[in-house]
1. Starting from the range 45-67, take each residue that is part of a helix (DSSP H, G or I) and list its partners that are at pLDDT 85 or above and basic (Lys, Arg), counting only C-beta distances under 7 angstrom and pairs at least six apart or across chains.
2. Is the range 177-184 home to any residue that is assigned to a loop (DSSP other than H, G, I, E, B) and touching a residue at least 60 places away in the same chain (Cβ under 8 Å)?
3. Out of the residues in the range 84-112 meeting the condition of being part of a helix (DSSP H, G or I) and open to solvent by 10 Å² or more (accessible area, probe 1.4 Å), tell me which one is farthest from Ile134 (Cα to Cα).
4. (1) closer than 18 Å to Ser333 by Cα; (2) modelled with pLDDT under 90; (3) out of contact with any Leu (no Cβ under 9 Å at 6 or more places or on another chain): which one isn't true of Val233, the others all being true?
5. Where residues in the range 306-333 are within 28 Å of Glu40 (Cα to Cα), among the charged types (D, E, K, R) and modelled with pLDDT under 95, which of them is surrounded by the most Cβ atoms within 10 Å (Cβ to Cβ)?
6. So, in the range 33-44, of the ones that are aliphatic (A, V, I, L, M) and outside any helix (DSSP H, G or I), which residue ends up least open to solvent (accessible area, probe 1.4 Å)?
7. Does the range 246-258 include one or more residues that are open to solvent by less than 40 Å² (accessible area, probe 1.4 Å), of a type in the set (D, E, K, R), over 21 Å from the mean Cα position of the chain (by Cα) and at pLDDT 90 or above?
8. Mind listing whichever residues of the range 154-174 are in contact (Cβ under 8 Å) with a residue 40 or more places away in the chain and surrounded by fewer than 16 Cβ atoms within 10 Å (Cβ to Cβ)?
Amino acid sequence: MAEAARKQRSAAAPRPVRCIVKLGGAAITNKGELESIDEESLRSACAQLRRAMSDGTSPEKVMGMDWSRRPGDPADPVVDAEGFAGMAGLGLDSNFVVVHGAGSFGHFQASRSGVHKGGLHSTLVKAGFVATRISVTSLNQEIVRALAREGIPSVGISPFACGWSTRQRNVESADASQIIESLHAGFVPVLHGDAVLDELLDCTILSGDVIIRHLAQLLSPKYVVFLTDVHGVYDRPPTDPNAVLLKEIEVDDNGGWSIVKPALQGNRNGVEISVAAHDTTGGMETKILEAAAIARLGVDVYITKVDTEHSLRALKGDVNASSDDWLGTVIRSAK
């Protein structure tokens, strides 16, 4: 599979991907409300992505690409066909990949039916598989539409539909040809955590964080950004008043990691993890482990809060871990 991936990359990808962005489910949805999008956070994330992609020649007026009528709209959408036809280009570096979590979409359906545990012989699990995919693909469409309204040429890509599968929850097959071809054509692929088939369990949940690690291995981005609902990785749940933001973490060749900044009393290298009861993907624990795996590839990972000046700098790749004016966590190789 690795050899096939290398052939795909050399044949289709014109240049290295600049950035893979993870839109955390907790950052763009209201996790306490079933299938509820945090419209303001999503709008801000999409606007910041556009600013990060701008090459300085993009028009001041955003030329939206969502030409569909939304429920409640008083009139049909206005399409500036002549404006698009007269543009020499979009003025955007679209060599980005977006992956989003499910948040309040999908997790409820998966946890109630046990899709993440497998067993398609169960009618409940089979129904839950269908329900989970309906939920996560509906969120994917809304995120693609939000990006399109910012003039970003985005296309939704579902891992299940592309043939991604697992074996005992570990990725077994990951066909990225459609992703690479979309990048080659100037589109921004938008993937999501998904319900997929598993060779031993019948089915399971493939998280967006795991997807990002495999894409980083294949596409060799310059950097990876995780946008979350908190400023980064803390030494304990951030709701704890004594929680300390870990500014810089280094990962060695064996996957072991150490906290570089700040220097913690007692040389504490552990991080206490809390995972919501309905979260079937491992929450922050999975995020840290996958970020560490990406860092071992020599790719810097930035974790920061959505809808802040810090998230914009991360998306632009303008991060200096030694500076105190950026709030977030940098995870990088110790090499």
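1. Matching pairs, first to second residue: Ala52/Lys316.
2. First pass over the range 177-184, keeping only residues assigned to a loop (DSSP other than H, G, I, E, B): none.
No, every residue in the range 177-184 fails to be assigned to a loop (DSSP other than H, G, I, E, B) and touching a residue at least 60 places away in the same chain (Cβ under 8 Å).
3. In the first step, residues of the range 84-112 are kept if they are part of a helix (DSSP H, G or I); the result is 84-85, 107-112.
From what is left, the residues that are open to solvent by 10 Å² or more (accessible area, probe 1.4 Å) are 84-85, 107-109, 111-112.
On the way: Phe84: 33, Ala85: 35, His107: 12, Phe108: 12, Gln109: 10, Ser111: 15, Arg112: 15 Å.
Per the stated criteria, the residue is Ala85.
4. (3)
5. The qualifying residue surrounded by the most Cβ atoms within 10 Å (Cβ to Cβ) is Asp307.
6. Step one: list which residues in the range 33-44 are aliphatic (A, V, I, L, M), which gives 34, 37, 42.
Next, from what is left, pick out any that are outside any helix (DSSP H, G or I): 34, 37.
On the way: Leu34: 103, Ile37: 31 Å².
It comes out as Ile37.
7. Of all residues in the range 246-258, those open to solvent by less than 40 Å² (accessible area, probe 1.4 Å) come to 246-249, 251, 255-256.
This time we only want the ones that are of a type in the set (D, E, K, R), so: 247-248.
Within this subset, residues satisfying the condition of being over 21 Å from the mean Cα position of the chain (by Cα) are none.
Looking through the range 246-258, none of the residues is open to solvent by less than 40 Å² (accessible area, probe 1.4 Å), of a type in the set (D, E, K, R), over 21 Å from the mean Cα position of the chain (by Cα) and at pLDDT 90 or above.
8. Ser173
The values are calculated or read from the model by the stated rules, or taken from the named source; none is laboratory data. Quick caveat, the model's predicted, so the values are computed rather than measured. All Cβ positions, glycine included, derive from the backbone under ideal geometry; neighbour counts span all protein chains shown. These accessible areas exclude ligands, DNA and RNA; they are computed on the full protein's heavy atoms, side chains included. Shrake-Rupley method; radii C 1.70, N 1.55, O 1.52, S 1.80 Å.
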